[in-house]
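Only one structure is covered here, and it is reproduced in the block below.
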Amino acid sequence: MGKLEQKNGEPTSRDDELLSSEEKLLLQSMALETAANAVLITDANGIILWVNPAFNKLTGYAVEEVIGQTPRLLKSGKHGLEFYKKLWETILAGRTWRGSFTNRRKDGTLYYDEHTITPVRSKEGVITHFIAIMNDVTDRRVVEIALRKSEGRFRLLVDQAADAFFLHDEHGRYLDVNRRACESLGYSREELLKLSVLDVACLSEEEVKGVWNQIQSSSTVTVNDYHRRKDGTRFPVEVRVGSIEIDGQKLFLALVRDITDRKRAEENNVQALALLRATLDSTADGILTIGLDRRILSYNETFVKMWGLTAEILTASSDDLAIRYVVDQLQTPAYFLAKVHHLYEHPLEESFDVLDFKDGRVIERFSRPMLVEGRPIGRVWSFRDVTEQKRAEARIAEQAAFLDKARDAIIVRDLEGRILFWNKGAERVYGWTDAEVLGRNVLEILHTGSKTFEELNGLTISRGEWHGELQHCTKDRGEIITEVRCSLIRDDEGLPKSVLSINTDITEKKKIEAQFMRAQRMESIGTLAGGVAHDLNNILAPIIMSINILKNQSPSPQTTKILESIEASAKRGADIVRQVLSFARGLEIERVAVHPRDLLKDLENMIKDTFPKGIRLQVSILDDTWTILGDSTQVQQILMNLCLNARDAMPNGGTLSIGVENCVVDEQYAATNFQAKAGHYVNISVSDSGTGIPPELLDKIFEPFFTTKELYKGTGLGLSTVMAIVKSHEGTINVYSEPGKGTTFNVYLPAVKIASETRRVQTETGSLPRGNGETILIVDDEASILTITSETLLTFGYRVLTATDGAEAVSIYSRYKNEIAVVLTDMMMPVMDGPATIHALREVNPAVKVVATSGFNSTDEAVNGPSIGVRHFLTKPYSAPMLLKTIRTILNEV
């Protein structure tokens, strides 16, 4: 009570002087008008007389649509006749009924609420009205349903709940309880699991069975009861019981709330005002009403408990003590205080925000004006503690984010192979989204043989885990090699339930290993070939010398012809031996400066004179081409062998292109090819528009004695000799080919530059153009090229999107066309090649800017295609300076 003062000789309460009983009743009514819970008042026959705005918001019905109606318009059909019979028996007997409803909104959707229906009597004791308070628990009900289905995943959340949870079977025996249940009864968990409902509840066995029977016609039944503690004392509880089915067994889940305080308040509430007060106190939200003069007008018990205040302090307060108390605990008090001042300066505004407190709590705060005849007289503040909800949401979101950030594919499937979980890593590796694969069989998605799956599944179940390598298929039917680690997941009873699989794409790793093994194999073959060549030389030497002696002895013409034939064959064998030696040991070279222009001059004349007329020759060399440090004869042999191969690949004619250009191989490109070293090179490319090389033969073409030509038309030493010469010059060679479109060989030989040229290149490299956040879409089916190119562009200030084929590129471009500045696309890809991709992109945006890349030259038909009209082209491998300058050039174009 407030301070007592004298008035007319009588002591008066200061609060009573400021607020009359009528004013208090009015304020309480306004609090109901603005309360977050729905309120419904009917006459004794159940005809609706009044509803508050929260009712309209909850049900979707306007006031004029429900006045004069009965609450039956909210029926969902989820409750049986017995349910409503018990309800009417309770309230017609003058008792308060509490329970849970599943109702239907105006739009047909279901919602769940906790109902409190209280009869109101006249002075003569006759029931005249019913007051129903509806607390929307839809969100909580959804959480409870998720809890029942989660198989213990939310155990920690249940143990932290404020209410007691009891799980028991149809005989009443407890199967599980939470921490709050143990604390409220004074038992340990082990002791409670030895008891049954009848050991704790004060209901009779018949009454307990009656509750279970009610559940048959209603999903949830709410009853009031008393529970016995271990020490024998009793306390009142509100029990909400529902049935659930786990592994085919029907069980009962009881949520028990200690209602000692509520019971005590109800027993003291004999007047309507006290009843309304108790209703406010039973809400889950803390409610505080403050006048425009910042004086506390009313509050509920939840508010007191939420902030640790006492009723005496709040009653004695004549200012906004509660608001100041809340501000002191905030992380950012200035924000909240400014909000409070603003609302009292604009009293008709509503406000909602989320507050973070120093003790870690998270509170949702809502404020709305209290109006009398349209005039604001104060504000209603409601506070809802959502700490646990936010923590649970944050934990789930964090766990999901961790799994999605993993580069590996993380997959959970049941024992039959149906996919239960599919993370973002799996989407990146295989191309399928989780929406596309959940519920489908893993065999259908990854195309693993059924026999293999059965064997691996059996090993995983028997051993608990399995680790190995498998060949999988992606969404676009591409084949990848994955390192698979399977672990068996068991249920609470220790039985196998599902399999967790963590798959790593090791396709690129396997390619590098294959390159290394091929190099070792070539070295071994070279050693063997060297030994064989040495022995053959020893055999051929006396034969050749003997032929010269025999020819000088004036044999007959017929003998001379035979000797000449033997001599030609022996010399041809000697030439083959020299090629074998060249491949096996490398030739001693005299490193001198050789200009490519001098090499091409003689080669060009030879090709024009000796090659079929149906083969067109195109030669491209820049004026500022660097010189090569090497042996001119051997470099000439490289060009000759490559041109002869190109000629043989075009039996019906075609185009032979020879190009020479300067090339700087940087560390990024060198990382994609273990044989390459960073430095300055002259790139000599030899391209044909011939038959191409099948993919399965590309790994074998540099092996000695391997040939696809007819018998006696090739030794199989041409390309192996080229490889040996290139390696002896400390260079590298790459090949790009596609059946039916042609082949390009790129030879990189170390270059010699004058000092001024060196300084110019270094200066240009040191001042490479940077991006300004522009988005570049990179399209390439080679993972290593995607990775290196992306890292280069990101390092120099660009944003990057990637696609592994043309179809994916068109999909991405359609979504982000307003953000993508340039498309960098490979011309040779599966599913949809470069020209088709460019055509599809121009259908989306005719002004799209495109840079084409390929192992072929930009002039080759295999690349250019009919009228693709690409002005900017990069020949693989391209260096970081070449890439950045080309991107900047196309960005600067109008």
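Results, tabulated for the structure shown:
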item	result
Residue count, the range 93-131 (criterion: touching a residue at least 60 places away in the same chain (Cβ under 8 Å) and in contact with a Phe, Trp or Tyr (Cβ under 9 Å, 6 or more places away or on another chain))	8
Residue identified as closer than 26 Å to Glu730 by Cβ, assigned to a loop (DSSP other than H, G, I, E, B) and either in the same structural domain as Lys727 (by TED's automatic domain parsing) or modelled with pLDDT of 85 or more (or both) among Asp598, Asp624	Asp624
Filtered residue count, the range 477-489, keeping only those that are surrounded by 13 or more Cβ atoms within 10 Å (Cβ to Cβ), in a strand (DSSP E or B) and either in the same structural domain as Asp781 (by TED's automatic domain parsing) or not β-branched (Val, Ile, Thr) (or both)	5
Within the range 85-116, tally of residues that are closer than 20 Å to Leu32 by Cα, over 48 Å from the mean Cα position of the chain (by Cα) and not aromatic (Phe, Trp, Tyr)	1
Verdict on Val747 being out of contact with any Cys (no Cβ under 7 Å at 6 or more places or on another chain) and either buried (at least 23 other Cβ atoms within 10 Å of the Cβ) or at pLDDT 85 or above (or both)	yes
Residues of the range 825-849 classified as β-branched (Val, Ile, Thr), in contact with a strand residue (DSSP E or B) (Cβ under 9 Å, 6 or more places away or on another chain) and either free of Cβ contacts under 8 Å to residues at least 40 places away in the same chain or more than 21 Å from Glu782 (Cα to Cα) (or both), total	2
Qualifying position, being over 21 Å from Arg428 (Cβ atoms), in the same structural domain as Trp432 (by TED's automatic domain parsing), at pLDDT 85 or above and of a type in the set (Val, Ile, Thr), among Thr474, Thr460	Thr460
Some residue of the range 627-642 being surrounded by fewer than 13 Cβ atoms within 10 Å (Cβ to Cβ) and within 21 Å of Gly690 (Cβ to Cβ)	no
Options Thr691, Thr732, Thr708; residue that is assigned by TED's automatic domain parsing to the domain that holds Gly659, modelled with pLDDT of 80 or more and over 24 Å from Ser632 (Cβ atoms)	Thr691
Test result for Gly172, at pLDDT below 80 and on the phi > 0 side of the Ramachandran plot	no
Those residues of the range 791-811 which are surrounded by fewer than 18 Cβ atoms within 10 Å (Cβ to Cβ) and not hydrophobic (A, V, I, L, M, F, W, C), in sequence order	Glu791, Thr795, Gly797, Arg799, Ser811
Identity of the residue in the range 823-858, among the β-branched types (Val, Ile, Thr) and touching an Asp or Glu at 6+ places or on another chain (Cβ under 7 Å), that ends up nearest to Asn892 (Cα to Cα)	Thr853
Count of the range 420-470 residues which are among the polar types (S, T, N, Q) and in a helix (DSSP H, G or I)	5
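The values are calculated or read from the model by the stated rules, or taken from the named source; none is laboratory data. What you see is a predicted model; the values in this text were computed from it and never measured. With ideal geometry, Cβ positions are generated from the backbone for all residues, glycine too; neighbour counts draw on all protein chains shown.
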